[in-house]
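Beneath this line is the structure, given in structure tokens, with notes to follow.
The values are calculated or read from the model by the stated rules, or taken from the named source; none is laboratory data. All of these numbers come straight from a predicted model, not from anything done at the bench. Every residue, glycine among them, receives a Cβ derived from its backbone with ideal geometry; neighbour counts consider all protein chains shown. Side chains are part of the model used for accessible areas, which takes the heavy atoms of the whole protein and leaves out ligands, DNA and RNA. Shrake-Rupley method; radii C 1.70, N 1.55, O 1.52, S 1.80 Å.
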Amino acid sequence: MVLLSLACTAAPCPAAFERREDGNCYPQGSPSGEDSPRGETGLDSEAWVPELELGDPLEALTGTAHDGWEFLDGAILEDGRLLAMGQGGWMLADPATGESLATGGLERVYRMDLDGDRVYAASRTGAITKLDLSSGTPQKSASKTLTEGYHEDISADGGLVLVGAQEEGALLLDDQLNLLAKVPATFAGGVALIGEVALVTDDDELVLLDLGSASPSELDRLPLRGRGRDIAFDGHHVAVAMGSEGVDVFEVQGDRLGYRGALDMPGSAFNVTLDGDMLYVAAWEVIVAAWLGGEEPVVLGHEQPIQSAWAVAARDGTLTVLDWGWLTPLKLNEGVAGPELHPPNQIWVSPGSTETLAVELTNYGAFDLELELPDQDVVSASPSSMTLAPGASGVFSLTPVAPWKGSSDVRLLTNDPDEQSSRLSLRETEGSIGAAHPEMVLEGFVPPSASTERFDLADYRGRPVFIAYFTTW
Amino acid sequence: MAEVYGEEVQVLLVNVEESEEMAYTFAIEADISGIPVLLDEHGGLYRSYSSAGQGYAPFPLQVIVDQGGVITYIARQHDVAAVRAELDRLLSE
């Protein structure tokens, strides 16, 4: 057995936090001692250190593709079925295979939450919809459009519903979707609700609220490393997804919030899900499994989705990734963790270049990551091998042995259980500054007209062109 | 940008990996008028820029191409001042 050292997970404290003598991050200026984040737990930190063996903690199993669907959120119901929602409506599926059991149409769902046998679904810009599951399949029972802006998140418990509505604040609704109260916020993003305890991200702060009085009252507020987009809350653990800033982990201790630590990952943390002490993060490029049972959160491992990880549905160890057009079951292997490498998709090299490239690689996992570049026929590498501690980054300097042309893969040997033979893909530059823009011929339309025509970037020669890529979410 | 520069600069909006219907609904709701909305249905162009890769904020992605078709600006943020500075530079050349 390898004893996982918590010291290995120590990363720089986020902005507005400071590292104190015990090695933990605390909000700057916050009182120490019994008011500190761990002061009220009374547990011996040694007892929290997990014993883990080297292995692959998270494996994607064979999933099912669903053409025409874009899954954005989902949950596993008490009866074990998966309820997946997104563009296409709702789908009840077998979480073990991703196969559909039943479907129904609905305005595109952005976020959803369960409350017993009721489902509350928020579209991005339109209605909030309540569906009743008591008959076995979702039946629409109420629907209301409450805002003119965007919905960021929704949470429901005990007949109350909380909606993160950006600049309009957090909206507290009853089970018929009537507005009970508005919690003002600069930017209400993620929301969570259990009993009379509510959490709202207000831009880059996490706010703890008491709903027990006539109007929601603020109990505590702590800084986040970025703007919150989603909250997972089980009454104790709190995880906040902040897009490219990763995930911040807290705990609720009575009427106070305690900061527990930061999780960094590739991609963009979009959705967080708790299942016991396990936290799953859907971060588009990767699915992250982290363990929250210790003093600081620990990343156990990553898995790559087939398309794009939008959410993980989890209940009692059953896991399915809402994988854009796929439903992909996952298997958690308990008691193991790995180093985690996430090599860049491509490394771009200018044609004819012999200049040295700096390729930075990060170990996102829980064990030392060993890296070796055995073949040096197209590039010479310095160093030819390295070991990265958890959370550490290192740079390989790659120098083309001849003026660069075309594409080559450089083999990368690692001890990451699911990336043992990885590769660095070196490609001749296409779309980089100073290079000609790649050919761009696309279908499109000029609103308000909806008629489709072909557009060719080359037709705009002689004028600067400003190209803005966007999505509707 | 289209309002600031008029005909001097061509603005192209490119929707990534969504349906034409969704892109159209979004454009109408956002009061976009007279600006081409292109569909990068499989994200191929979106992923072709060399700054694509790990650790980025996926959107927005903004690119400026000069009068000769050469890329002069790529950013994964909406930095109005930087975009205007670059367009002003290209127009003054």
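Annotations for the structure displayed:
- Exactly one residue out of A:Gly126, A:Gly136 is out of contact with any Gly (no Cβ under 8 Å at 6 or more places or on another chain), among the small types (Gly, Ala, Ser) and either free of Cβ contacts under 8 Å to residues at least 12 places away in the same chain or surrounded by 22 or more Cβ atoms within 10 Å (Cβ to Cβ) (or both): that is A:Gly136.
- Remark: A:Phe445 falls outside the filter, which requires a residue to be at the interface with chain B (Cβ under 9 Å from one of its Cβ atoms), of a type outside the set (A, V, I, L, M) and under 29 Å from A:Ala262 (Cα atoms).
- Residue in the stretch A:249-265 that is in a loop (DSSP other than H, G, I, E, B), touching a residue at least 24 places away in the same chain (Cβ under 8 Å), under 13 Å from the mean Cα position of the chain (by Cα) and surrounded by 21 or more Cβ atoms within 10 Å (Cβ to Cβ) present: yes
- When B:Glu18 is tested against (1) open to solvent by 40 Å² or more (accessible area, probe 1.4 Å); (2) charged (D, E, K, R); (3) under 30 Å from A:Leu263 (Cβ atoms), exactly one condition is not met: (1).
- Residues within the stretch A:431-442 that are more than 7 Å from every other protein chain (Cβ to nearest Cβ) and among the β-branched types (Val, Ile, Thr), tallied: 1
- Counted as qualifying within the stretch A:81-126 are the strands (runs of 3 or more DSSP E) with 2 or more residues that are of a type in the set (Ser, Thr, Tyr), namely A:100-104, A:118-123.
- The strands (runs of 3 or more DSSP E) found wholly in the stretch A:392-473 and carrying at least 3 residues that are assigned by TED's automatic domain parsing to the domain that holds A:Thr354 occupy A:393-400, A:407-414, A:421-428.
- Unique residue being within 14 Å of another protein chain (Cβ to nearest Cβ), assigned to a strand (DSSP E or B) and in contact (Cβ under 8 Å) with a residue 12 or more places away in the chain when the list is A:Val240, A:Val281, A:Val207, A:Val288: A:Val288
- The single residue among A:Thr472, A:Thr387, A:Thr452 that is within 30 Å of A:Leu72 (Cβ to Cβ) and without any contact (Cβ under 8 Å) to a residue 24 or more places away in the chain turns out to be A:Thr452.
- Condition check for A:Ser397: under 31 Å from the mean Cα position of the chain (by Cα), surrounded by 13 or more Cβ atoms within 10 Å (Cβ to Cβ) and either hydrophobic (A, V, I, L, M, F, W, C) or more than 7 Å from every other protein chain (Cβ to nearest Cβ) (or both): yes
- Considering only residues in the stretch B:61-80 that are closer than 19 Å to A:Gly267 by Cα and surrounded by 15 or more Cβ atoms within 10 Å (Cβ to Cβ), the one that is nearest to the chain's Cα centre (by Cα) turns out to be B:Gln62.
- Close pairs from the stretch A:327-338: first of a type in the set (Ser, Thr, Tyr), partner buried (at least 19 other Cβ atoms within 10 Å of the Cβ), Cβ under 8 Å, at least 6 apart: A:Thr328/A:Ala60; A:Thr328/A:Gly63; A:Thr328/A:Gly98; A:Thr328/A:Pro305; A:Thr328/A:Thr320; A:Thr328/A:Val321
- Listed by position, the strands (runs of 3 or more DSSP E) inside the stretch A:295-368 whose residues that are modelled with pLDDT of 90 or more and either more than 14 Å from every other protein chain (Cβ to nearest Cβ) or open to solvent by 10 Å² or more (accessible area, probe 1.4 Å) (or both) number at least 2 are A:298-303, A:311-315, A:318-323, A:326-332.
- Of the residues making up the stretch A:373-391, those that are part of a strand (DSSP E or B) and closer than 14 Å to A:Pro339 by Cα are A:Met386, A:Thr387, A:Leu388.
- Residue in the stretch B:27-41 that is at pLDDT below 90, farther than 22 Å from A:Glu453 by Cα, assigned to a helix (DSSP H, G or I) and at the interface with chain A (Cβ under 7 Å from one of its Cβ atoms) present: no
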